[in-house]
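In what follows, a structure is listed as structure tokens, so that the remarks can point back to it.
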């Protein structure tokens, strides 16, 4: 679980972002004012900050500088309606690592957050979280079980890769549909269940006596990939 600070003065946007990030398993501290955000940053380590530049009490760029000074190891992502190139450059020079222009697309937000947290995570012996005899090569889009490649259809692979990105974390149906299919998907979510069933079947057929993770159904919520 990552500890995230959200600095956003718009209640509608703040509620939407904080709820969605919490649903992805993150611990969220949400503040609407720059001074409160700086006080939060002084309380303890943060993994990532989402910072709206248009704050009611302090200039967002000044807050960015303060956050960078207090949290030198945290990732800072600006949320801004200012699309002008100069505003973006000033924000990046103030210590931000990345920016997203409003209105923020949730699928893109979560993808950016995951990417930044992966890059920030220190290397550990043994590499990524253990998935038993199942291995994913995301660069080549290959899946192997005990060294033997498993042929998956496109969405089956993308579904497995999304669940494997956060082993042991509950992922909602809405999140899977948004990130694996499309945020504007209007069809039945039954397609998700069909793909999960097919993915389970393909892994079981390839598994034999291999140690494989389990795709757990969370009724009323979504799915979770449990390591073996």
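The values are calculated or read from the model by the stated rules, or taken from the named source; none is laboratory data. Just so you know, these numbers come straight off a predicted model, no measurement behind them. Neighbour counts are summed over all protein chains in view; Cβ atoms, including those assigned to glycine, are modelled from backbone coordinates with ideal geometry.
Test residue 2 against the stated conditions and say whether it is surrounded by fewer than 16 Cβ atoms within 10 Å (Cβ to Cβ) and touching a helix residue (DSSP H, G or I) at 6+ places or on another chain (Cβ under 8 Å). Considered against the rule, which asks whether it is surrounded by fewer than 16 Cβ atoms within 10 Å (Cβ to Cβ) and touching a helix residue (DSSP H, G or I) at 6+ places or on another chain (Cβ under 8 Å), residue 2 comes out as no. Residues that are in contact with a helix residue (DSSP H, G or I) (Cβ under 9 Å, 6 or more places away or on another chain) and at pLDDT 90 or above number at least 3 in the following helices (runs of 4 or more DSSP H) confined to region 139-228: 154-164, 190-207.
Checking each residue in region 203-228 for being surrounded by fewer than 18 Cβ atoms within 10 Å (Cβ to Cβ) and more than 25 Å from the chain's Cα centre (by Cα) picks out 204, 205, 207, 208, 209, 210, 211. Considering only region 51-65, I want to know if a residue exists there that is touching a residue at least 40 places away in the same chain (Cβ under 8 Å), surrounded by 21 or more Cβ atoms within 10 Å (Cβ to Cβ) and under 30 Å from residue 176 (Cβ atoms). Yes, the conditions are met somewhere in region 51-65. For region 93-113, a residue qualifies if it is assigned to a helix (DSSP H, G or I) and under 17 Å from residue 12 (Cβ atoms), and the qualifying residues are 106, 109.
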